[in-house]
Amino acid sequence: PSSSSRKLPAMLMRSLHVARGPGRLACTAVGTTARRAFVGTMKMGRCFGSEAGKVGEKTAEAAAPAVEAKGWWSSAQFWGGMGALAGWGMTGSAVYDSLYNGPEVISLSMTPVMIVYSSLFARWAFVVKPQNLALAACHASNVVAQCNQMRRAIEHKLATGEEAMVKDMGMKAAAGAVGLAVLVVATPVLQPAIVGMGIPGVSTFAAAPAGPFTVHFWAPMSKWLISGASFFDLERPTDKISIAQYSALTATGMFFTRYALLVSPVNYLLCSVNIALFGSSAYHLGRKIKADYVDPKKI
């Protein structure tokens, strides 16, 4: 081939090379522009999303119902705290009586009830909502204090030749303990059986959050025993009434009447028994104050 024909391919390659150079530059420029546009769009999207999120939060806050601040009248914590203070007064009265009063003023009908009552309420205060640990602690302490009072009373009765009374009381306490143990053991089987029977009223009551298979029922029932002991002993000699103990019981009845309506589950049984406890304890307390500080002393 001639020299001109040999130069033609080289010229074509140089032309193609020159043509490809601007194309590459053009593609690079287009790609860079597109990338910048994409990044800008993403930034705008993030900004818009952030602003939209803020607007959404403000809208949700505006739509949410305002939470009203609870006053002392509607505060379970307030009434529960006052109830705990009254409970500590009950514990303190037992300690005071053990230090400064003789065992003859100890009531053998009231003290065992107080032991059962505080045992159940220590558990109740631990499981109720809102939880009341101060009340649970004071009732646990009261169990110890009342057991000490029971020991003093039994020793006094034995020393004065009243063994028959002590034996009778022991038999009743043992029967009560056995009955309670049977109920606790049988509850997992007995409750589902009664609920499954579908008996109108009875099955509903058995399945209730404050029903007879819960401490929410038995704690108030133990308090009915305290009120009952006071009602059946309305003519008790005033020299055997402890001002400290009955002051604490009266305050407890007053505070728990309101507290029972603010806890979960709401406990109407607890409310009613505290009305009765307040009345009976205030009656005995009034008799004691009248006898010791109002009536003229006989010389």
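Before moving on, here are some points about what is shown:
- Distribution of pairwise C-alpha distances over region 185-250, 10 Å bins, in %: 18, 33, 19, 18, 11, 1
- Taking the Cα centre of region 210-293 as origin and assigning +1 to Lys and Arg Cβ atoms and -1 to Asp and Glu Cβ atoms, the resulting dipole is close to 100 debye.
- Put simply, when 154-162, 267-275 are sorted by average Cβ atoms within 10 angstrom per residue, most first, you get 267-275, 154-162.
- For the peptides 233-243, 165-175, 88-98, residues were scored by their other Cβ atoms within 10 Å and the scores averaged per peptide; the highest-first order is 88-98, 233-243, 165-175.
- Kirkwood Rh, Cα atoms: Rg over Rh of region 222-299: 1.08
- Accessible area (Å², 1.4 Å probe, nearest 10) - ILE194: 40 Å²
- Rounded accessible area per residue of region 73-112, 1.4 Å, Å²: 45 Å²
- Computed over region 140-299, the Cα gyration tensor eigenvalues convert (square root of 5λ each) into semi-axes of 35, 23, 12 Å, ordered from largest to smallest.
- If only the Cβ of Lys and Arg carry +1 and only the Cβ of Asp and Glu carry -1, the dipole of region 103-227 around its Cα centre is close to 280 debye.
- Taken over region 127-176, the percentage of Cα pairs per 10 Å bin, counting from 0 up to the bin with the maximum distance, is 22, 34, 24, 16, 4.
- When the pairs LYS129/LYS223; LYS70/LYS288; LYS167/LYS290 are compared against a 30 Å limit on Cα-Cα distance, LYS70/LYS288; LYS167/LYS290 fall above it.
- Here region 173-277 exposes an accessible surface that is 77 percent carbon and sulfur, computed with a 1.4 Å probe and the other protein chains kept in place.
The values are calculated or read from the model by the stated rules, or taken from the named source; none is laboratory data. What you see is a predicted model, and the numbers here were worked out from it, not measured in a lab. Methodologically, a virtual Cβ is constructed for each residue, glycine included, from the backbone with ideal geometry; neighbour enumeration extends over all protein chains shown. Calculation scope for accessible area: heavy atoms of the full protein, side chains included, ligands and nucleic acids excluded. Shrake-Rupley method; radii C 1.70, N 1.55, O 1.52, S 1.80 Å.
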